[in-house]
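In what follows, a structure is listed as structure tokens, so that the remarks can point back to it.
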Amino acid sequence: MNAPDKNLVTGAATADALRFLAADAVQQAKSGHPGAPMGMADMAEVLWRRHLRHNPTDPKWINRDRFVLSNGHASMLLYSLLHLTGYDLPIGQLKQFRQLHARTPGHPEVGLTPGVETTTGPLGQGLANAVGMALAEKMLAASFNRPGHDIIDHHTYVFVGDGCLMEGISHEACSLAGTLGLGKLIVLYDDNGISIDGDVKGWFTDDTPRRFTAYGWNVIAAVDGHDAGAIDLAIADAKSQHARPTLICCKTVIGQGAPTKAGGHDVHGAPLGADEIAAMRIERKWTAAPFEIPPSIAAAWDARAAGSASQAEWEARFAAYRASFPELAVELERRSAGILSAGLADQFEQLVRGPGELHNKVATRKASQIVLEHISAGLPEFFGGSADLTGSNLTNVKASRRVQPDGSGNYLSYGVREFGMAAIMNGIALHGGHIPYGGTFLTFSDYSRNAIRMAALMKQRVIHVLTHDSIGLGEDGPTHQPVEHMASLRLIPNNWLWRPCDGVETAVAWQAALQRADGPTCLVLSRQALEPFSRTAEQLSAIALGAYVLVDCARPQVVLIATGSEVEIAVAAARQLTLEDVAVRVVSMPCVETFYAQDADYRELVLPHDVPRVSIEAGVTWFWRAVVGENGTTVGIDSFGESAPAEQLYEHFDITPAHVAECALTVVRGW
């Protein structure tokens, strides 16, 4: 039997395949968002069938174009595209849209559905992720391409809606994208003028084209989002740009194709209804049953042969590249696979167990910089940055070079854009080839928090350097003194927070963050200098377990548990208690999450169940109540801070050796 001729199928018919799959899936699920997929169907049909370079049989091909659906509530558009083009997403999965354990969740999730590049849903973050992907592509191209060998050469395409552009993160990310000249970033704006509350004219009257022109973007305005020819020309124009990102403003009708509901907000987030879908089938002459695609249209969509051919052509070029530049080829493959260099463990071993300034009295933010200075040369994939606080976070090293217009460089001053920085770093990590880290003050992690949450959900290796971690920063006062932030960040599933007490623990924390390939890490570091501690070889090895016995005795009557700058307070309290004939164990717990991931035997070894506990941390105490138990007590701060020198603040809030010793005595007497 002859295969159907793809050329005989019109763009309108192939776009309608997207509309009906979306409408039918939302109807069957009895929930979802049909309007945006139906309104963007023509845009998607042109992009995916005429421009997007991808291979459904190998979703991880290094040089594929990236596609991001930033308005993730339109997920059925993406699932329909993936199914029709030949990814491993059978029709049965579309029938299970929004159902438990299906690969078609309510919003796209990377790692769950083949072909999904990032998890989207919180509006605007997908757009920021795409900026990170485009930046990663540009930097990899600068590092690895050679004359006649453009091995890294792909575009990042994004669909956004009104909501994405209303979110403040769109300003942070797109302003930076324009400054960086990310010419291979192409954004298609679904300008349908509708959000959940109705017509956006009452709350969104920005002149979006002029806004993006001011960012330094190439803007193609007033494109008919239902005219395939106009969309095609606009994308071709965007691809011809090399120095500026492009925004294509597509005027669309939400729910395009629905006979009575198109253009209204009712179609945004609810099923169309059986009668409306039946009427749409008649009006658009679509005779196929729900979830059925006519063979000619299915053949027109199938991208497996073309994608395999495109990848095969690239692999032939990569083979020639490997022959000319074997070391570069091996390095690109290593970095793309996320494999750390073989000598990194030895570098950390030397830092932790050998002599050096890491063992002096230093602030842990400075210790962090010492670690970075030591390991960066062996980590070319390391990409650092700070949200306008480089000199305070100490995230730079001698080898740091700001990103240049040609893509060279390994450091980015993000400006005062904490949320944008965090989401861009997620995109860099998702793209592959770099390990991003970025710094800000711990108190400003509130700006970054949702992007940190998304990194945890997506299981991405992103490292947040969060300095000025307590009242120890002193005179800047309560606006800058974090109190609840550590507890808040620890609540995020799959996010690990390390708060080291000295230079050695800081090195171990960095090593743990780098070795962790399945989630983000927050390194919480002090402004003030902290006393170093001597450790046995066994203790040094135990730091990586998240908590360990730093000071011990034969039969402890009480265990003092502390993190960061409060460890030295706990050790001083232990000395006072020893003078009063109280046997004390001090446990340093730099990473609560890591410690509680250990087996029960180790946890019991460190924190015996029959010994009372006192926690000491300059933050809210309720988090620690689960650690110390009903009969233990906590020392911390359950109010906002004050503006004063750090030493006075510790006295004011009773985070002192004397008060800790007093609390410990009370617990021992009541046990």
Quick one: P(r) of region 386-495 from all Cα-Cα pairs, 10 Å bins, percents rounded to integers, in order of increasing distance.
15, 45, 31, 9, 0
Taking every C-alpha to C-alpha distance in region 335-410 and binning by 10 Å from 0, the per-bin percentages run 16, 44, 32, 7, 0
List the extent of the Cα atoms of region 125-218 along each of their three principal axes, largest first, rounded to whole Å.
53, 23, 18
All aspartates and glutamates inside 12 Å of K184 as judged from Cα atoms, apart from same-chain residues fewer than 8 positions distant
D65, E137, D153, D237
Accessible area of region 424-498 with a 1.4 Å probe: how many percent of it is carbon plus sulfur?
52
Hey, can you grab everything whose amide H is under 5 Å from the amide H of V68? Only 5+ residues off in sequence or another chain; H modelled, so Pro and N-termini drop out.
Y157, V158, F159
Sorted by average packing, counted as other Cβ atoms within 10 angstrom per residue and highest first, what order do 644-652, 33-41 take?
33-41, 644-652
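Given 4 °C and 1.567 mPa s, how large is the Stokes-Einstein diffusion coefficient of region 567-671 in µm²/s, with Rh as the Kirkwood radius over Cα pairs?
Values: Rh = 14.6 Å.
In µm²/s, the coefficient is 89.
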Using a Cα-Cα cut-off of under 13 Å, which aspartates and glutamates could be cross-linked to K459, ignoring same-chain neighbours fewer than 8 residues away?
E109, E117, D518
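So what's the net charge close to L328: Lys and Arg +1, Asp and Glu -1, counting the other residues with Cβ under 14 Å from its Cβ? Provide the component values of the computation, followed by the final result.
Numbers: positive: R146, R317, R322, R334, R335; negative: D150, E327, E331, E333, E381.
Summing Lys/Arg as +1 and Asp/Glu as -1 gives 0.
For a distance above 18 Å, tell me the whole-number percent of Cα pairs in region 52-100 that qualify.
It works out to 35 percent of all Cα pairs.
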For region 450-498, what does the accessible surface come to per residue with a 1.4 Å probe? Please give it in Å².
29
Rounded if a/c under 1.5, otherwise prolate or oblate - region 283-358, Cα gyration tensor axes:
oblate
Entries in K60/K239; K138/K239; K60/K251; K366/K398 that, when Cα-Cα distance is taken, lie over 24 Å
K60/K251
Cα-based Rg then Dmax for region 233-357, in Å, read 26.7, 79
According to the square roots a ≥ b ≥ c of the eigenvalues of the Cα gyration tensor, what is the shape class of region 473-533, taking rounded for a/c under 1.5, prolate for a/b larger than b/c otherwise, and oblate for the remainder?
oblate
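Sort 67-75, 172-180 by the packing proxy (mean of other Cβ within 10 Å over each peptide's residues), most packed first.
Averaged packing, sorted descending, gives the order 67-75, 172-180.
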At q = 0.11, 0.18 Å⁻¹, what is the log10 ratio I(q)/I(0) for region 170-242, with the Debye formula run over Cα points and no solvent?
-0.32, -0.83
For the chain, how big is the tail of P(r) above 47 Å, as a whole percent of Cα pairs?
26
Rounded to whole angstroms and listed largest first, the alpha-carbon spread of region 1-97 along its three principal axes comes to 36, 34, 24
In debye to the nearest 20, the charge dipole size for region 536-671, taken about the Cα centre with +1 at each Lys and Arg Cβ and -1 at each Asp and Glu Cβ, equals 240
Modelled label-to-label distance, A299 and A323, 7 Å Cα→beta-carbon offset: nm?
3.8
Suppose every K and R has +1 on its Cβ and every D and E has -1 on its Cβ; what is the size of the dipole of the chain about the Cα centre, in Debye to the nearest 20?
1380
Principal axis dimensions, largest first and in whole angstrom, of region 253-314 by Cα
47, 25, 15
Relative pair counts by distance (%), Cα atoms of region 157-205, 5 Å bins:
5, 18, 26, 24, 14, 8, 4, 0
Relative contact order for region 152-215 using alpha-carbon pairs under 8 Å, separation at least 6, rounded to a whole percent?
44
Over region 606-664, what is the mean sequence separation of C-alpha contacts under 8 Å (at least six apart), divided by residue count, expressed as relative contact order in percent?
33
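Packing-wise, with mean Cβ within 10 Å as the measure, how do 236-246, 320-330 rank, highest first?
Values: 236-246: 16.5, 320-330: 13.9.
The packing order, highest mean first, is 236-246, 320-330.
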Among V362, P326, I282, which residue has its Cα furthest toward the positive end of the charge dipole of region 267-413, with +1 on Lys/Arg Cβ and -1 on Asp/Glu Cβ?
V362
Relative intensity, log₁₀ I(q)/I(0), of region 304-459 from a Debye sum that treats every alpha carbon as a point, q = 0.12, 0.15, 0.16 Å⁻¹:
-0.66, -0.96, -1.05
Under a 1.4 Å probe, counting only protein heavy atoms, H171 has an accessible area in Å², nearest 10, of 100
Projecting the Cα atoms of I220, P122, C522 onto the charge dipole of the chain, where Lys and Arg contribute +1 and Asp and Glu -1 at Cβ, the residue farthest towards the positive end is I220
Checked against the positive end of the charge dipole of the chain (+1 on Cβ of Lys and Arg, -1 on Cβ of Asp and Glu, about the Cα centre), the farthest of A300, A542, M486 is A300
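Shape of region 510-549 from its Cα gyration tensor (a ≥ b ≥ c, root eigenvalues): rounded if a/c is under 1.5, otherwise prolate when a/b > b/c, or oblate? Walk me through the intermediate numbers first.
On the way: a/c = 2.81, a/b = 1.21, b/c = 2.33.
Taking the square roots of the gyration eigenvalues as a ≥ b ≥ c, region 510-549 is oblate.
Tell me, what is the percent relative contact order of the chain, built from C-alpha pairs under 8 Å that lie six or more residues apart?
Working: 1441 pairs, mean separation 79.8, N = 671.
Result for the chain is 12 percent.
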J(HN,Hα) series, region 48-54, from Karplus relation 6.51 cos²θ - 1.76 cosθ + 1.60, nearest Hz, glycine and proline x:
6, 8, 10, 10, 5, 9, 7
If every Lys and Arg gets +1 and every Asp and Glu gets -1 at its Cβ, then about the Cα centre region 19-133 yields a dipole, in debye to the nearest 20, of 60
Based on alpha-carbon positions alone, could you give the equivalent ellipsoid semi-axes of region 91-144 from the gyration tensor, as √(5λ), descending, whole Å?
29, 13, 6
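The values are calculated or read from the model by the stated rules, or taken from the named source; none is laboratory data. Small disclaimer: the values here were computed from a predicted structure and weren't measured. For neighbour counting, all protein chains shown are included, and Cβ atoms are generated from backbone atoms with ideal geometry for every residue, glycine included. In case anyone asks, the SASA skips ligands and DNA or RNA and just uses the protein heavy atoms, side chains included. Shrake-Rupley method; radii C 1.70, N 1.55, O 1.52, S 1.80 Å.
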